[in-house]
1. For the range B:152-247, what class follows from the C-alpha gyration tensor (a ≥ b ≥ c being the square roots of its eigenvalues): rounded when a/c is under 1.5, otherwise prolate if a/b is larger than b/c, else oblate?
2. Would you please state which residues of the range B:52-84 a label at B:Arg226 would reach in this model, taking the label point 7 Å out along Cα→Cβ and a backbone N cut-off of under 17 Å?
3. Determine the gain in length on full extension of the stretch A:Met1-A:Tyr103; use 0.36 nm per residue of separation and subtract their C-alpha separation, reporting nm with one decimal.
4. Ordered by residue, what ³J(HN,Hα) values in Hz, to whole numbers, does the range B:45-51 give under the Karplus form 6.51 cos²θ - 1.76 cosθ + 1.60, where θ = phi - 60° and Gly and Pro are x?
5. Can you work out ³J(HN,Hα) from phi for every residue in the range B:213-230, in order, using Karplus 6.51 cos²θ - 1.76 cosθ + 1.60 and θ = phi - 60°, giving whole Hz and x for Gly and Pro?
6. What are the extents of the Cα atoms of the range B:1-80 along their three principal axes, in Å, largest first?
7. Can you compute the modelled spin-label distance between B:Lys109 and A:Glu274, with each label point 7 Å from Cα toward Cβ, in nm?
8. Which one of B:Ile215, B:Gly242, B:Phe205 has its Cα pushed farthest toward the positive end of the charge dipole of the range B:167-244, where Lys and Arg give +1 and Asp and Glu give -1 at the Cβ?
Amino acid sequence: MELIYDGSMDSRLFKDILGKTIRELSEQDSDFIYLDADLMSCIGTGAWACENPDRGINCGISESNMIGVACGLAATGFKPMVHTFGPFASRRVFDQVFLSAGYAKNDITVIGTDPGVTATFNGGTHMPFEDVALYRTIPTATVIDITDVPMLISVLKQCKDLPGVKYIRVGRKNAAKMFADGTETPIGPAITLREGKDIAIFACGIMVHEAMQAANKLAEQGIDAAVVNFFTIKPLDAEAVKKYARQCGNVVVAENHSRIGGLYSAVCETLARENTAKIDVVAVNDEYGEVGPQDYLQKRFGLTAEHIVETAQALLK
Amino acid sequence: MDATLKKGLERFALEIRIGVLEQMKARGFGHVGGSLSITDALAVLYGSQMRVDPKNPCWAERDKLVCSKGHAGPAVYAALALKGYFPYEMLKTLNQPGTSLPSHCDRNKTPGVDMTTGSLGQGTSLACGMALGEKLRGHDARVFLVVGDGEANEGQVWEALMFAAAKKLSNLVLLLDVNGKQLDGCTKDILDTLDLHAKVEAFGFDTVSIDGNDIELVYNALERTRQGGDKPYAIVLNTVKGKGIAAVEQAKSNHSMAVSTDQWNEWLLSLTAQLD
Ligand SMILES: Cc1ncc(C[n+]2csc(CCOP(=O)(O)OP(=O)(O)O)c2C)c(N)n1
């Protein structure tokens, strides 16, 4: 696994990669089928779906129905992948996902775009800080927060054939470059991006970039921080959690999500009986989202490298 | 319809369109298509139908508007600013950090906005609850509900319509903005809703269909809804997405548009020229 992180941004947009990968998966596997709820133009699949109406199904603005239809398709042997914005892919359809997919064992992959503050100008109604929390409660579900382009491609390919309910949260804009093109990121194991002994930063999604920046700043102060990418929030790599908790004795969890129910909760649940480390969190407080540009929102909700640095310093005091 | 009133409402509609574009020019982009299609109906509502008091936006017995297609917020904001709910200058803060004017309607942020919407479909049930509430309280206030034709894909819309008819909510007026388009394209290509007039009527609404960009027709249709009775009212507004700016009307994708300041200015000029 080749790490190419230097803090620079990838020029490629997640939305284009999503559209391209969905088209490729369809070419590779005739059982693959993609459904959307009037948001094809947001990930560049509209023209392709028009030409392939048997594999790209626009369900209109009816997310709950879309999940049910996808589950029915799964029952007839298809491998459905559905897309809508994060809040509609989670809250809006939660019961359908829980029962028609999870409980009834109809395997589907759900992509929720614009997680957390990446919903920017769509504002509070479109800004899910709770999608991970909801999906984590579905027995045996897979929950993933994407960091970069190679990871998105790798995860989409794996999810197509993975059993159960799979939820992928990913933005539509670009992100910092993390791994070399072609890198496979097997679902499950956490990825150590940087070794360290004083403090471990556990991060996922857009917060991995912030965590790497924070680690650089901490290094300038003589603090040796490990950074571990927990892109698979469920099933959580409990061994990695425990290992770094023991190794560093201090853990900061950073996530673009509510501090209730997400990666921080998962880590705390894992470490509750361990008593090995002091833990703190950089995440959204018990609050609703609001409208604005992403840099403003990251400051407003406390999701920057500076917040990680401050939290780490306070832990180490 | 009185000629002076008609002229006044047409001018109000034009001013709302200008206000919509001013907001989008300030931010550079916005939901222009669906804001402009519903503008004429909003002009008639706020200009002649709704019993409201801009100085007292929380007056309990006021008429209420639920813009369930919440992304048309900018059209509602322009109407409210022109009515004096808040300073016109505030329109320039659309979607800016800390704003009171988010892209989707928010009752906790904007004076005069009666309900929070943005997740399509949800406003329909909220409006039913409000109409029922007014009845139970013995108020004669009415509730106006704006729904998009794409939004009508949502099952919740039809649950709400069934409820409204069953509970005889004659103080509810549904305005269905049939502009023939949704986000990904034409409604008939995405998920064909077929005959919405027939469907709404079959769900138990007193229903009429009109050109929803014709002030006089909208006015007459709304006047009709004052008769009470035991059915909720529906007006199917056949509209044009982006109405009023030829280039926006014709654009293939006009749901949300990002154009240059020069372009917004040019469109604004074409509207202000009509102010006489
Ligand atoms: C539940 C939900 N799903 C999806 C969206 C994203 N979205 C916003 S507007 C829109 C299209 C709306 O079409 P329509 O109701 O016809 O509105 P109009 O064309 O009048 O703007 C979509 C899909 C949303 N806001 N809410």
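1. Verdict is oblate for the range B:152-247.
2. B:52-53, B:62-64
3. 33.2 nm
4. These are the phi-based 3J(HN,Hα) values: 4, 6, x, 8, 10, 7, 8 Hz.
5. With coefficients 6.51, -1.76 and 1.60, one gets 9, 9, 3, 5, 5, 5, 4, 4, 5, 6, 4, 4, 7, 8, 7, x, x, 10 Hz.
6. Reported extents, whole Å, longest axis first: 35, 32, 21.
7. With each label point 7 Å from Cα toward Cβ, the separation is 3.9 nm.
8. Farthest along the dipole direction, towards plus: B:Phe205.
Rule-based calculations on the coordinates, nothing more; no lab input. Just so it is clear, the structure is predicted and the values come from calculations on it, not from any experiment. Virtual Cβ from ideal backbone geometry, glycine too; neighbours counted across all protein chains shown.
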